[in-house]
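The structure appears right after this line, and notes come after that.
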Amino acid sequence: MSQPPTLLSAAGRALVDQFFPYNPSTVMAASQAARASHDGDLVAAAMTQAKLRTRAVERLGPQAQHLWFTADGLEQATRPTVAALRAAHFVASGAHRIADLGCGVGFDAIAFAQAGMSVIALERDETTAEYARANIAELGLSESVEVLNADAVSFDALAHGCDATFVDPARRLNGQRVKDPAKWSPSWSDALRLATATPMGCLKVAPGIDHALPPLGATTSWISDGGDLVEACVWLGATATDHVAREAIVLPSGQRANSHAIQPASVGPISDYLLEPDDAVIRAGLVQRVNDLVGGTLIDPAIAYVTCDSEPAAAPLYSRFAVVEHLPFSLKTVRHRLRDLQVGTLEVKKRGFAVDPEKFRHDMRLEKGATQSLTVLLTRIGSDPVAIIAKRLP
Ligand SMILES: C[S@@+](CC[C@H](N)C(=O)[O-])C[C@H]1O[C@@H](n2cnc3c(N)ncnc32)[C@H](O)[C@@H]1O
């Protein structure tokens, strides 16, 4: 798992630059040429690094093009947009010095420093800690961030002058997701103890977190970015928001919804418009907030589709559809209706309905040359399968 430390030497850096951006069709010839004058292991490590860095630029943006990654470090790195949002919240809550416990290759630590905090970052894996240090140096942040290659479980953040703690536990083992919080590293109970040791704390968790797990008084935020639900995090102490147990934050707009004084969701028949809440809103259990915003109801108590009878304003918290018609589901009937409607391009969505969207689209045998572009939302009301044919609104 560890890569040769010489990768950070001048020769290693030059080789990585030579192979970056990684191009599978030219890399073999380039590596053979490089092996004539360099150690084979170093050349192989540089190729791997160039490949990781190329993927990192796609996933994390141009800042990554001079940074160092392990495969796990890249997989687990926080998106810069989300890391910046978190760092800004710590600063707004009054944090000055933060302990980043389990810092990986450093994406949260970088955002904390860029937001103006001083950071002490701990990472138990030697290579990962070394890369975090290199990344911080690369971005000119070494004055603000100290990286220690150490176990975080017994770290005393208060004794190190910290007023805030962030823990992003490793939730992967041997390439597999670890669902049980007791098996994260640090474990949920250790992470909670560490993050509550300072006046301000935050734990990054999986978006599928059980709503009952965070302690009373915590605020859990579910965050989506560009339509992808990327993470949840649990704010503790002075970073939590009074009377808000759950909130959804939708990036890039930053629009929010929260659970303060929320009512149970109301239910009604399918009407003229259908709304699909953003995944952050759904996972935070805040679909009723979309009802509140548009004067709508759920189509079924267990299905996160909202319906309303006048055109809702566009908003980042949901996608909008104008209902063309809805019918009890049968492949044959839906196919006929789509033909009648001259549908040539079909978007398929499903909720509470077991279907392979690609296979369904294929089964619709859309007519070539048909010009209409519509969406079919396959769902259920009670136990009855329903197809809603609709036009997506911008
Ligand atoms: C999810 S990653 C952190 C990613 C980081 N927030 C970022 O955005 O780049 C978790 C890291 O915690 C480290 N880790 C796990 N248990 C640890 C422990 N007990 N002490 C220190 N580091 C630990 C892992 O090696 C891993 O690199």
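Values in this text are rule-based calculations from the coordinates and carry no lab data. Given the structure is predicted, the values throughout are model-derived calculations rather than measurements. Because the Cβ atoms are built from the backbone with ideal geometry, glycine has one as well, and the counts that use them run over all protein chains shown.
Assorted remarks:
- For the chain, the relative contact order works out to 8 percent when only alpha carbon pairs closer than 8 Å and six or more residues apart are counted.
- Entry note, the chain: the mean residue ellipticity at 222 nm calculated from DSSP H runs of n ≥ 4, each adding -39500 (n - 2.57), is -8500 deg cm²/dmol after division by the residues and rounding to the nearest 500.
- Using Cβ point charges alone (K and R +1, D and E -1), the dipole size of the stretch 273-393 about the Cα centre works out to roughly 400 debye.
- Applying a threshold of 27 Å to the alpha-carbon distances of K179/K350; K51/K349; K204/K359; K332/K368; K359/K391; K350/K391 flags K51/K349; K204/K359 as lying beyond it.
- Positive end of the dipole of the chain (Cβ unit charges, origin at the Cα centre): among S373, L52, L173, the Cα lying farthest that way belongs to S373.
- 26 Å tail of the calculated P(r), the stretch 147-268, as % of Cα pairs: 26
- With 0.36 nm allotted per residue and the present C-alpha distance subtracted, the D292-S9 stretch has 96.1 nm of extension available.
- Summarised in one figure, the compactness ratio Rg/Rh of the stretch 1-159, Cα atoms and Kirkwood Rh, is 1.02.
- Inverse mean reciprocal Cα-Cα distance (Kirkwood Rh) of the stretch 5-58, Å: 10.8
- Taken over the Cα atoms of the stretch 287-394, the convex hull encloses 103 Å³ per residue.
- Pair-distance distribution P(r) for the chain, from all Cα-Cα distances in 10 Å bins starting at 0: 5, 20, 24, 21, 18, 11, 2, 0 percent.
- Counted by neighbouring Cβ atoms within 10 Å, the residues R351, R246 run from fewest to most as R351, R246.
- Mean Kyte hydropathy of -1.0 or more with a Cα span along the axis of at least 27 Å, helices from DSSP in the chain: 40-60
- Sorting 359-371, 288-300 by average packing, meaning the other beta carbons within 10 Å per residue, from highest down gives 288-300, 359-371.
- Taking the centroid of alpha carbons for each part, the stretch 11-75 and the stretch 126-159 are 23 Å apart.
- Taking amide H atoms as placed 1.01 Å from N in the peptide plane, the amide H of T220 lies under 5 Å from those of W235, R246, E247, each 5 or more residues away in sequence or on another chain.
- Shape of the stretch 303-361, Cα gyration tensor, a/c cut at 1.5: prolate
- Orientation-averaged projected area, Cα convex hull of the stretch 260-323 (nm²): 3.9
- Neighbours of R289, meaning other residues whose beta-carbon lies under 12 angstrom from its beta-carbon, give a summed charge of -1 when Lys and Arg score +1 and Asp and Glu score -1.
- Under the Debye formula (equal points on every Cα, no solvent term), log10 I(q)/I(0) of the stretch 252-295 at q = 0.21, 0.22 Å⁻¹: -0.75, -0.81
- On the basis of the beta-carbon distance and an R0 of 56 Å, T345 and D156 show a calculated FRET efficiency of 0.40.
- Other residues whose C-beta falls under 12 angstrom from the C-beta of C308 contribute a net charge of -3, scoring Lys and Arg +1 and Asp and Glu -1.
- Within-13-Å neighbourhood charge of P199 [Cβ basis; K, R +1; D, E -1]: 0
- Beta bridges from DSSP with both residues in the chain: antiparallel share about 60 percent, rounded to the nearest 5.
- For the peptides 196-207, 71-82, residues were scored by their other Cβ atoms within 10 Å and the scores averaged per peptide; the highest-first order is 196-207, 71-82.
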